[in-house]
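A.B. asks: I am attaching a structure below and will ask some questions about it afterwards.
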Amino acid sequence: MAHPEFAAKALDRDQMARRVAAELQSDWVVNIGIGMPTKVIPHVPAERDIIFHSENGIIGMGPEIDGVNEVDNDLLSAGKRPVSLNPGGSFVHHADSFALARNGRLDATILGAYQVASNGDLANWKLPGARAGNIGGAMDLAAGARRVLVMMTHVTGKGEPKLVERLRYPPTALGVVRKVFTDLAVLSVTDKGFHLDEIVEGLTPEDVQRVTDAPLYWQTAPAAIRVLTREKG
């Protein structure tokens, strides 16, 4: 959910997914996390030849399938959603799937998050005080992938910042996040903290700073900050 003040200007999930997809390079092996990250796959051109991995044991996962009456229970994402299988795709044992993640063979993982700290710390498995919650494979993916890309809304449903100076939620992995893609901006995690790379059309860096609970820095030269458009398609 976007901050109420910026809801009309925020990217929707498909627009966010299209921007994340543009970040992925040919021949990468990319893990797709539960929830919002699954929307990225349809926006990646087939000729880029990216192999998508799901932690439950799919190598070569395709997009989610909607509106089907009969579901193949052997072809579900880690979030238990029906998905397709790309040509050449396969199923592997859970242990083999995690061997791939732990051995550094993932070029990137795309994960959702509750909070990301300015030093790259990630919290995405449990909210404070919640009885439910299981870290599952998130720790292995975050620690093992060469790049951790986070896709999330900029604020919570209550309008509270998700980009913070220090985590206030139980951590998943420390110092791992490389880049954050929100409905308002794209930010890199650097030694100096969050660098504002791109902002949604119609917003200023100061607007983004007001809904971020950590200092941001950005280049002040004209056109140094790329503009994210809300075009469809």
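A.B. asks: Cβ-Cβ under 8 Å, sequence separation 6+ or interchain: first residue in segment 169-195 and under 10 Å from S118 (Cα atoms), partner in a loop (DSSP other than H, G, I, E, B) and among the hydroxyl-bearing types (S, T, Y). Which pairs?
C.D. replies: Sorted first by the residue in segment 169-195, then by its partner, the pairs are V189/S118; G193/S118; F194/S118; F194/T212.
A.B. asks: Let me ask something else about it. Kindly provide the set of residues from segment 41-58 that are assigned to a helix (DSSP H, G or I), touching a strand residue (DSSP E or B) at 6+ places or on another chain (Cβ under 9 Å) and modelled with pLDDT of 95 or more, ordered by number.
C.D. replies: Matches in segment 41-58: I41, P42.
A.B. asks: Right, something else. Which one of these is of a type in the set (A, V, I, L, M) and within 16 Å of the chain's Cα centre (by Cα): M16, M61?
C.D. replies: M16
A.B. asks: Quick check: is even one residue across segment 40-47 in contact (Cβ under 8 Å) with a residue 40 or more places away in the chain and either surrounded by fewer than 13 Cβ atoms within 10 Å (Cβ to Cβ) or farther than 27 Å from V208 by Cα (or both)?
C.D. replies: No, segment 40-47 contains no residue that is in contact (Cβ under 8 Å) with a residue 40 or more places away in the chain and either surrounded by fewer than 13 Cβ atoms within 10 Å (Cβ to Cβ) or farther than 27 Å from V208 by Cα (or both).
A.B. asks: I'd like to know if segment 153-169 contains one or more residues that are in a strand (DSSP E or B) and within 16 Å of the chain's Cα centre (by Cα).
C.D. replies: Initial filter on segment 153-169 (in a strand (DSSP E or B)): 155, 161, 163-164.
Those left that are additionally within 16 Å of the chain's Cα centre (by Cα): 155, 163.
The answer is yes, given that some residue of segment 153-169 is in a strand (DSSP E or B) and within 16 Å of the chain's Cα centre (by Cα).
A.B. asks: Out of curiosity, is M61 touching a Ser or Thr at 6+ places or on another chain (Cβ under 6 Å), within 19 Å of T109 (Cα to Cα) and at pLDDT 95 or above? First the steps, then the outcome.
C.D. replies: Details: touching a Ser or Thr at 6+ places or on another chain (Cβ under 6 Å): yes; within 19 Å of T109 (Cα to Cα): yes; at pLDDT 95 or above: yes.
For M61, the condition - touching a Ser or Thr at 6+ places or on another chain (Cβ under 6 Å), within 19 Å of T109 (Cα to Cα) and at pLDDT 95 or above - is met.
A.B. asks: Out of everything in segment 81-113 that is of a type in the set (A, V, I, L, M), under 19 Å from the mean Cα position of the chain (by Cα) and in a loop (DSSP other than H, G, I, E, B), what residue ends up being nearest to V29 (Cα to Cα)? So that I can check it myself, show each step before the final result.
C.D. replies: As a first pass, look at segment 81-113 and keep what is of a type in the set (A, V, I, L, M): 83, 85, 92, 95, 99-101, 106, 108, 110-111, 113.
Next, from what is left, pick out any that are under 19 Å from the mean Cα position of the chain (by Cα): 83, 101, 106, 108, 110-111, 113.
Still in the running and in a loop (DSSP other than H, G, I, E, B): 106, 113.
Working: L106: 5, A113: 21 Å.
Applying the filter and picking the extreme gives L106.
A.B. asks: Exactly one of (1) under 24 Å from V180 (Cα atoms); (2) in contact with a strand residue (DSSP E or B) (Cβ under 7 Å, 6 or more places away or on another chain); (3) buried (at least 19 other Cβ atoms within 10 Å of the Cβ) is unmet by D121. Its number?
C.D. replies: If we test D121 against (1) under 24 Å from V180 (Cα atoms); (2) in contact with a strand residue (DSSP E or B) (Cβ under 7 Å, 6 or more places away or on another chain); (3) buried (at least 19 other Cβ atoms within 10 Å of the Cβ), just (2) comes out false.
A.B. asks: So which of A8, A78 is modelled with pLDDT under 95, within 23 Å of V155 (Cβ to Cβ) and assigned to a loop (DSSP other than H, G, I, E, B)? Before the answer, list the steps.
C.D. replies: Numbers: A78 fails: within 23 Å of V155 (Cβ to Cβ).
Matching residue, one of A8, A78: A8.
The values are calculated or read from the model by the stated rules, or taken from the named source; none is laboratory data. All values derive from a computational prediction rather than experimental measurement. Cβ sites come from the backbone with ideal geometry, for glycine too, and all protein chains shown count toward neighbours.
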